[in-house]
Amino acid sequence: MKRRDFFKMSAGAVAAGLLGGGIYKTFAASQKEKAKVYYSKEITPEKLKELYHKVNQDISGKVAIKLHTGEANGPNLLPRELAKALQADIPDSTIVECNVLYGSLRQNTVGHRKVLEINGWTFCPVDIMDADGDVNLPIAGGKHLKEVAVGKHIENYDSMVVYTHFKGHAMGGFGGSLKNIAIGCASGKVGKAQLHGSNWETGKKFLERMVEGGKAITDHFGKHITYINVLKNISVDCDCDAHGAKPTCPDLGILASTDILAIDQASVDLVYALPEKDKHDIVERIESREGLHQLKYMDKLGMGNRDYELIEV
């Protein structure tokens, strides 16, 4: 039996998600225990590691750290020292990425490695997971997709730490942990085309495809996956935009949770709690792309709990 298969068997059943707390609560909270989301207003390597250790209880074996390494010289990338400190604190860990679908050096592995060097991702191994092709993962309950092609090397890892730069996104409205694993783990030539659709669909249909892609990853790792969102340099644009807009939203801190829906809901809630002048641009980007539908569809697919307890650290 492969090590990956053993961990999947031992993960147990994933609890059904509930529609719950946050600003967008639509009916009374369930009797189910709230998800725990740990929060620090400080954005430092020390605080990042402290939060990680609050949510790393099921991270073991060979660990993939999924993060967005960005386009060359992207203007809003998170400071590399944060990821460097986190990676050094996780035994047997490797940063993982996949190639992209849009026009970029990152469309192929050779060009992608050039961008990694430009952006300073040289302090540890970086595995471009679709360098040797892809593998199909099933999507339980998918309305649009029954499977998605992800980077083949995902089979080499027992656990995943999802380290996310929370920000806006041109198609998704916002990019949180869900977007990081859904688009980020899909293979460049096949999986990303499946998620975007034949005509690069926008709106709710695209968002639902993206959520379904994310569910394939969460189901694959079971309980051996955890999430960190860093709310810094919150531009309306993604790090896939080499000329992303200058952030107008203030830095808000770091969130960590074992619940993907709770952490993305909490990130959105922190943004929406800001004064109008600080949140206007990012909220406009989220709502103009119907981005909040991500949370609703994640809930529908049972990916987590929108009712959470924010625990300041």
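Things to note:
- Close amide-amide hydrogen proximity is noted between residue 253 and 231, each under 5 Å apart and 5 or more residues distant or on a separate chain (H modeled in the peptide plane; Pro and chain starts excluded).
- Computed on the range 38-312, with alpha-carbon pairs under 8 angstrom and 6+ residues apart, the relative contact order is 24 percent.
- Shape index of the chain: Rg/Rh, with Rg the Cα radius of gyration and Rh the Kirkwood radius from the inverse mean 1/r over Cα pairs, equals 0.92.
- Burial order of peptide ranges 239-247, 251-259 (average beta-carbon count within 10 Å, highest first): 251-259, 239-247
- 13 Å Cα-Cα reach of residue 204 towards aspartates and glutamates, excluding residues that sit fewer than 8 places from it in its own chain: 212, 287, 290
- Evaluated at q = 0.12, 0.20, 0.25 Å⁻¹: base-10 log I(q)/I(0), Debye formula over Cα of the range 45-111: -0.40, -0.92, -1.15
- The HN-Hα couplings worked out from phi for the range 46-62 by the Karplus form 6.51 cos²θ - 1.76 cosθ + 1.60 (θ = phi - 60°) are 5, 6, 4, 5, 4, 5, 4, 6, 7, 10, 9, 4, 10, 8, 7, x, 7 Hz, whole numbers, x standing for Gly and Pro.
- At R0 = 41 Å, FRET efficiency that the Cβ-Cβ distance of residue 132 and residue 276 yields, to 0.05: 0.25
- Between residue 284 and residue 198, full extension at 0.36 nm per residue minus the direct alpha carbon distance yields a gain of 28.3 nm.
- Mean shadow area of the range 157-277 over all directions, Cα convex hull, nm²: 7.9 nm²
- Helix content alone sets the calculated 222 nm mean residue ellipticity of the chain: runs of n ≥ 4 DSSP H residues at -39500 (n - 2.57) each, divided across all residues, give -10000 deg cm²/dmol.
- Shown here is the pair-distance distribution of the range 237-304: with all Cα-Cα distances grouped in 5 Å bins from zero up to the longest one, the shares run 3, 14, 22, 24, 22, 11, 3, 0 percent.
- Highest mean first, the peptides 40-48, 277-285, 300-308 sorted by other C-beta atoms within 10 Å per residue fall in the order 300-308, 277-285, 40-48.
- For the range 180-187, backbone phi angles converted through the Karplus equation (6.51, -1.76, 1.60; θ = phi - 60°) give residue-by-residue couplings of 4, 8, 6, 6, x, 9, 5, 5 Hz, Gly and Pro being listed as x.
- For the pair residue 205 and residue 123, a Förster radius of 51 Å applied to the C-beta separation gives a FRET efficiency near 0.85, rounded to the nearest 0.05.
- Flagged links, alpha-carbon separation over 24 Å, of 34/223; 179/277; 114/152; 179/296; 223/300; 49/114: 179/277; 49/114
- Subtracting the Cα-Cα distance of residue 251 and residue 32 from their residue separation scaled by 0.36 nm leaves 75.7 nm.
- Sequence-distant residues sharing a close amide H with residue 96 (under 5 Å, placed H): 65, 66, 67, 127
- Lys, Arg +1 and Asp, Glu -1 on Cβ, resulting dipole of the range 38-312 about Cα centre, debye, nearest 20: 480 debye
- You can think of it this way: the chain between residue 73 and residue 92 has 4.0 nm of extra reach, that is 0.36 nm per residue less the Cα-Cα gap.
- Ordering 201-208, 176-183, 139-146 by mean Cβ neighbour count within 10 Å, with the highest value first, yields 176-183, 201-208, 139-146.
- Under 5 Å, built H, 5+ apart or other chain: amide partners of residue 134: 152
Where a number appears in this text, it was derived from the coordinates with a stated rule and is not lab data. The structure displayed is predicted, hence computed values, not measured ones. Cβ coordinates were reconstructed from backbone atoms using ideal geometry, including for glycine residues, and neighbour counts include every protein chain displayed.
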